[in-house]
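Colleague: Questions regarding the structure given below will be posed in turn.
Read-outs: derived from the displayed coordinates by stated rules, not from any lab. A quick note: this is a predicted structure, and the numbers were derived from the prediction, not measured. Note that we place each Cβ from the backbone using ideal geometry, even for glycine, and neighbour counts take in every protein chain shown.
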Amino acid sequence: MAYRLGIDIGGTFTDFALVNSTGFNEDAGTFAIHKQLTTPDDPSRAVLEGTANLLRRHGLDLGAVVEIVHGTTLVTNAVIERKGARTGLLTTRGFGDILDMRQEKRYDVFDLRLVFPDPLVPRRRRGEVDERCHYDGTIEVPLDLAGARAALDHLVQEERIEALAICLLHGYANPAHEQALGEMAAAAYPDLAVSLSSEVCPEWREFERFTTTTINAFTQPMFDQYLRRLEMGLKELGFGGQFFVMSSSGGTLTPETARRFPARVIESGPAAGAQMSAFHGRALKRTELLSFDMGGTTAKGALIRGGAAIKVYHQEVARMHDFKAGSGLPVKSPVIDMIEIGAGGGSIAGVDVRGTIRVGPNSAGADPGPACYGQGGGDATLTDANLVLGYLDPEFFLGGEMSLDRAASEQVIRDNIAAPLKLSLARAAWGIHEIVDEDVARAFRIHASERGFDYRGSSMIAFGGSGPVHAMGVARKLGIPRVIFPVAAGVMSALGLLASPLTFEVARTRQIFVDDLTAEDFAGTLAALEADAMAPLLEAKVETEALSINRRLDMRYHGQGHEIEVSLPPDVKIEALAQIFREHYAAVHGAALLDAPLVVTTWKVEVSATPPELASAAPTAQGEAAPKGTRQAYFGEDYVAAPVYDRQDLGIGVIIDGPALIEERESTVIIGPGDRVQVDEFGNLIAELVRLS
Amino acid sequence: MSLDAVSVGIMWDRLVAISDEIVTTLVRTSFSTIVSESYDLTVALLDADGQLMAQGTYSVPVFMGTAPATLQHMLARYPAESLRPGDVIITNDPWLGTGHMFDINVMRPVFHDGRIVAYVISITHLPDIGGLGFGAAAREIYHEGLRLPVCKLFEAGVQNDFIIELMRTNVRAPDQVIGDLMANVTATKVGEAMLTGFLVEYGLADFASLSQEIRGRSETATRARISAMPDGSYHNEIQIEGVDGALTLACHIDVAGDAMTVDFAGTDGCVRQGINVPFCYTRAMVLYSMKCLTVPELPNNGGSVVPITVTAPAGCLLDAQPPSPTGARHMIGHFVSPLVFGALAEAVPEQIQADCGMMDLMTFQGRHRDGHDVSTIYFASGGFGALAGLDGAETTPGPSNMAVVPIEVWETLTSTTVERKYLLPDTGGAGASRGGLGQEVVIRNDSGHVMTVFCMANRTDFPPLGLMGGGNGKPREHRINDVTVDPKGHYELEPGDRITMIEAGGAGYGDPALRPREAIELDLAEGFVTPEGAARDYGFNGE
């Protein structure tokens, strides 16, 4: 029997999901999960130890595993903690300060004390080179290779750089100078890790491209060593199969590609979670979804449209203000379009200047953690509120591994919230819970509205430690009629790794008026990108017939400052381009078509292998619903006795009417009075919101 | 109805979320870049009494607190009892709206169970309004384009085609202008549905008690912060560059207990250029600046402005009267912020920012090498002013906020070439905290055609002022082919000509002698300060 293994490194735990081709059912022995404490000093240790532990426990040999897919936060953490290579930059003369000048914009107009992240390459480690290319790719100033060599020698010998970002103006339009510099650097200093902006991110907008390239260079040596250690360790354990690395776009990369482009690996864990939501949606024939993941410090959301997570080309890393867009370093690479909200179990509740309750974004973290952890936490957190509301069992936290101190929770909520606001204890706890629901709902509303996504007929998929506790409340506020609590929600990201296809995507800016574009030029530009996007997959020995190709263009009206992305049908003719644009434009902007020339700016091609087979969970046993007890729980008016179920006892077809508390190891599903939940054929819990207003 | 902290918090957040969601509709459905990228727009939700309950979180400062006054002007023309569902009322009058005719104010009454429960107002900066176009060139308001009195664009859901035709006939790019006008109409319609849905969801008959609660709490919070300021009479007077010589702006601020008054007596009179500032704009800039100093985290509503009274002598630059032109009112209006900050420096020195280098806007008009017309604005920022214990950020604008057009996009759109763009060392004012650096940008006309540039630069004769002993920032300068030119002129660039924009540095804060040695050494190592500058400004010789 051939197995596949997904390994996702998170902040606290490294998660493992092992499946074979018959579906993921723990009872049937076709699916196994494992959690190992993450080892921040060397994350590969937890990966290797956990792999060995998991296989040993199930009497398996690593030789039986044909494929390992790995997701990691290593690259993100290296940027946040500034633990990367000593990095230099070579750029066009006259433009060495682009990294300091940023976008010349404030991300918050009311905060005079706002701060920006320092560039990864300080000013003294930047060299300027005589050369200049224009927007159309023509060269005005030829490259002064000798001068460049002197600048590089200085950076290596005086500044002792270990990695180099080569970022020239309009390098996306004509990469010749960047390539020549790259070759020179490789010949002169073979140990130097070199990243070219024309390879990492061949798109216009110099600040974003330069920054992305510096992130790539900064993290490359560290990530390369990490992957090498991991591959060697797995080999020693007897692994002879294929190894892939998850990217932020929801596709996987070969280790060779991941080494070249670590900037594409930022935030791969949440991407995998969203991919798993999309997978569940497809299995359930529900293609419009809100993926809602809530953990200890943050909540994350993604929209699934037509069965696939919505993607964008922009994200930020290392924000100075956790949840303020514009306060971080921009990374231009394909990425699943995630919402991030500073609300999780550890989020701290307080009274704000308005005399109302505010929760987050500050978090008590794992240490001291919520007051109920009994580790000395003096702040009222969301977990404390959920405990006081009766949603969590003080004796069954993390499957009983930890007991919670309810009296401590009551104390902090009384002192910090109830007393100053003159509320009852229950009302104060309810307020904390509700404010978080409202914050999450608001973030989804705005995100969906900006993307023209109508969520009212869609379903929500909820996971993470706190997601199932809050999903019904959030769904009600949004008017979403259905919430899915998927089977194996505790390892959504690790499983999502196994549901993601090998993918590579190339986006390149080349601005041209549609009227000036010939059929040959159009086909030729796309064909060149296709070849680039396909290369890593062909190297991984994927059959050409198994590849699917997705072509998209950023287009706009001449004179308008923003582009919209249009998808091209497979056999598109250039004559159809204007009409395709108009249809997209009308869909995005309502009406108001204009009589202005059309421009193509950025060309994108994504090549994917066939998504791996991941059978849905095999059916669990049929059975009646028998509560294991009852607990007093609060749903806004008074405490009521709510039956408590163990999720693994619930057989297919079981229907439970709220109020009900359904416990699993990592979380508890909260079903309020009037709502109803049913176990479906795969073992998912499907809740219908009966009380929807 | 009794509302406890939980109910108020949730419903308040929801109203703010509704205003934000209407803004996203507005952004998505409008044509112009100025709306979608600069957020030169706002959405305001007012209760049946015309009190502001909530306003979109993201909008430029100039729209703070204008909507209630605009609504009163509209209701004076069309009394509330005469309004019917489906009515939409508009105006772009600078004195009834937001200070210049580019801003269209669109209002819709919200009916629930047969009576008005709220008003939604949506405002955006239109791409064009006829006249001379965007700039300061007008001598009187009649040069600046089409001035719409308060009028009904829709009557009980039926569009007044005459108004649409009138606008179409009077503006450049009519498709875009009407498209953006209709985006506002749609936004108010979306707002109406959301507000009535809100009442149904929470079982409320109207917004009266919720609005009162929101405003009351906001007023209390604002008063508490004002109380923390020392009582006193504070004064400031600054000189800025006018079109034909220096202009004086003056203000008196009285802080008494939990309230303050701000008056602009002593400010020079209006000029015959489109830089005069109607009072609504002056007041908005005061409210913005005070919000930065008091409760920046508080959502905007009518309560937080109650403790702040703003007055100005009629006819002065900051209370311009018709027919003074107002098109480029921001050129003077932006100085309200450093003016009132300077006055309060004595009261709350640790909160006040030294002057910013501010922003430079330069319009380029001509022809692209590919034959298409070019008409676009280049933004370049000076340095941000320093604060107590915090250096100013390099090339960061204040109080306005527009992003620079990336070089690679700019060159593609204009076929000009940016020869260099780099930070200017030593331009940030010295101080215990250093001002942010300004920059130099050199743009060469490679289009092959004559290109006209319209300059609107400030901070050329009067530098950004340091605070608490901090040094001034270096002033701004424009050069053409290395010859300094009038910073408010317009020029024709022949093919191959170069224009150089030298952007002002932010001012410093506190005595330079108090700057930590490590900070000076780091500035030297990074080249933000030259060795000569360190010796001159800090007496630092590396020993």
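Colleague: For every helix of n ≥ 4 consecutive DSSP H residues, a contribution of -39,500 (n - 2.57) applies; sum these over the protein assembly as shown, divide by its total residues, and give [θ] at 222 nm rounded to the nearest 500 deg cm²/dmol.
Modeller: -9000 deg cm²/dmol
Colleague: I've got another one for you. Applying 1/(1 + (r/R0)^6) with R0 = 51 Å to the Cβ-Cβ distance of B:Arg84 and A:Glu256, what FRET efficiency is obtained, to the nearest 0.05?
Modeller: Efficiency at R0 = 51 Å is approximately 0.15.
Colleague: Taking every pair of Cα atoms in chain A, average 1/r, invert it to obtain the Kirkwood radius, and report Rg/Rh to two decimals.
Modeller: Reported Rg/Rh (Cα atoms, Kirkwood Rh): 0.98.
Colleague: Another question, then. Would you mind computing, in nm to one decimal, how far apart the modelled labels at B:His372 and B:Ala265 are, each placed 7 Å from Cα along Cα→Cβ?
Modeller: Computed distance between label sites B:His372 and B:Ala265 equals 5.6 nm.
Colleague: How would you rank A:396-405, B:94-103, A:295-304, A:570-579, highest first, on the average number of other Cβ atoms within 10 Å across their residues?
Modeller: Packing order, densest peptide first, comes out as B:94-103, A:295-304, A:396-405, A:570-579.
Colleague: Still on this model: Given 0.36 nm per residue, what is the gain on full extension from A:Asp454 to A:Asp367 after removing their alpha carbon distance, in nm?
Modeller: 27.3 nm
Colleague: Moving to a separate point now. Strictly greater than 40 Å: what percent of every Cα pair in chain B meets that? Don't skip to the answer; put the middle values down first.
Modeller: Working: 38848 of 147153 pairs.
The calculated P(r) of chain B puts 26 percent of pairs beyond 40 Å.
Colleague: Take the Cα atoms of the stretch A:309-437, build their convex hull, and give its volume per residue in Å³.
Modeller: 135
Colleague: Calculate the length of the line joining the C-alpha centroid of the stretch B:191-258 to that of the stretch A:500-520, in whole Å.
Modeller: 49
Colleague: How large is Rg over Rh for the stretch A:110-217, taking Rg from the Cα atoms and Rh as the Kirkwood inverse mean of 1/r across Cα pairs?
Modeller: Answer for the stretch A:110-217: 1.00.
Colleague: Cα convex hull of the stretch B:5-219: how many Å³ per residue?
Modeller: On the way: hull volume 24.8 nm³, N = 215.
For the stretch B:5-219, the hull spanned by Cα atoms encloses 115 Å³ per residue.
Colleague: Which value, in debye to the nearest 20, describes the size of the charge dipole of chain B about its Cα centre when Lys and Arg Cβ atoms bear +1, Asp and Glu Cβ atoms bear -1, and nothing else is charged?
Modeller: For chain B, the charge dipole is close to 860 debye.
Colleague: Could you work out the pair-distance distribution P(r) of the stretch B:409-543 from its alpha-carbon pairs, with 5 angstrom bin width and percents rounded to whole numbers?
Modeller: 2, 10, 17, 18, 15, 11, 10, 8, 5, 2, 0
Colleague: In addition: Report the FRET efficiency, 1/(1 + (r/R0)^6), for B:Ala525 and A:Gln157, where r is their Cβ-Cβ distance and R0 is 22 Å, rounded to 0.05. Kindly include the intermediate steps, with their values, before the conclusion.
Modeller: Details: r = 17 Å, r/R0 = 0.78.
My answer for the efficiency is 0.80.
Colleague: Going by Cα centres, the stretch B:72-94 and the stretch B:310-363 are how many Å apart?
Modeller: After rounding, the separation between the Cα centres reads 30 Å.
Colleague: Name the lysines eligible as straight-distance cross-link partners of A:Lys235: C-alpha to C-alpha under 22 Å, and not fewer than 8 places from it in the same chain.
Modeller: A:Lys35, A:Lys541
Colleague: Calculate, axis by axis, the spread of Cα positions in the stretch A:629-688 along the three principal axes, and write the results as whole Å, longest axis first.
Modeller: Rounded to whole Å, the extents work out to 35, 23, 17 Å.
Colleague: Please check which bits of the stretch A:526-543 a label hung off A:Ala2 would reach, taking the label as a point 7 Å along Cα-to-C-beta and the cut-off as backbone N under 15 Å.
Modeller: A:541-543
Colleague: Evaluate peptide A:87-98: per residue, the Cβ atoms of other protein chains within 10 Å of its Cβ; return the mean as an integer.
Modeller: 3
Colleague: On each of the three principal axes of the Cα atoms of the stretch A:396-435, give max minus min coordinate, whole Å, ordered largest first.
Modeller: Per principal axis, max minus min of the Cα coordinates gives 35, 19, 11 Å.
Colleague: Could I ask something else about it? Once you put a point 7 Å from the Cα of B:Glu346 and another 7 Å from the Cα of B:Arg272, both along the Cβ direction, what distance in nm separates them?
Modeller: So the label points at B:Glu346 and B:Arg272 sit 3.8 nm apart.
Colleague: Still on this structure, please answer the following. At 0.36 nm per residue, minus the direct Cα-Cα distance, what do A:Ser403 and A:Met320 gain on full extension? Give it in nm, one decimal, please.
Modeller: So the extension gain works out to 26.4 nm.
Colleague: Find the relative contact order for the stretch A:82-220 and round it to a whole percent, using C-alpha pairs within less than 8 Å whose residues are 6+ positions apart. Don't skip to the answer; put the middle values down first.
Modeller: Values: 252 pairs, mean separation 42.6, N = 139.
Relative contact order, the stretch A:82-220: 31 percent.
Colleague: Hey, what's the Cα Rg ratio for the stretch A:180-294 versus the globular rule of thumb, 2.2 N^0.38 Å?
Modeller: Numbers: Rg = 17.7 Å, N = 115, 2.2 N^0.38 = 13.4 Å.
Ratio of Rg to 2.2 N^0.38 Å for the stretch A:180-294: 1.32.
Colleague: On average, how many beta carbons from a partner chain sit within 10 Å of the beta carbon of a residue in A:455-467?
Modeller: Rounded to a whole number, the mean comes out at 0.
Colleague: In addition: Which of the helices in chain A meet the span-like rule: DSSP H, Cα axial reach of 20 Å or more, Kyte-Doolittle mean at least 0.5?
Modeller: Span-like helices here: A:519-539.
Colleague: Here's something else I'd like to know. Mind checking the mean number of beta-carbon atoms from other chains within 10 Å of the Cβ atoms in A:347-357?
Modeller: Whole-number average of other-chain Cβ neighbours for A:347-357 is 6.
Colleague: If you average 1/r over all unlike Cα pairs in the protein assembly as shown and invert the result, what Kirkwood radius do you get in angstrom? Write down the numbers at each step before the final one.
Modeller: On the way: mean 1/r = 0.0311 Å⁻¹.
For the protein assembly as shown, inverting the mean 1/r across all distinct Cα pairs yields 32.1 Å.
Colleague: Right, another one. Can you work out the FRET efficiency for the pair A:Glu49 and A:Leu517, with r the C-beta to C-beta distance and R0 = 41 Å, to the nearest 0.05? Can you show the working numbers first?
Modeller: Details: r = 56 Å, r/R0 = 1.36.
The computed FRET efficiency comes out at 0.15.
Colleague: Compute the distance in nm between two label points, each set 7 Å from the Cα along the Cα-to-Cβ direction, one at A:Arg123 and one at A:Arg149.
Modeller: Each label point is offset 7 Å from its Cα along the Cβ direction, giving 3.0 nm.
Colleague: Moving on to the next point. Size of the dipole of the stretch A:82-220 about the Cα centre, Lys and Arg at +1 and Asp and Glu at -1 on the beta carbon, nothing else charged, in debye to 20?
Modeller: 540
Colleague: Within a 10 angstrom radius of the beta carbon, how do B:Val404, B:Val336 rank from fewest other beta carbons to most?
Modeller: B:Val404, B:Val336
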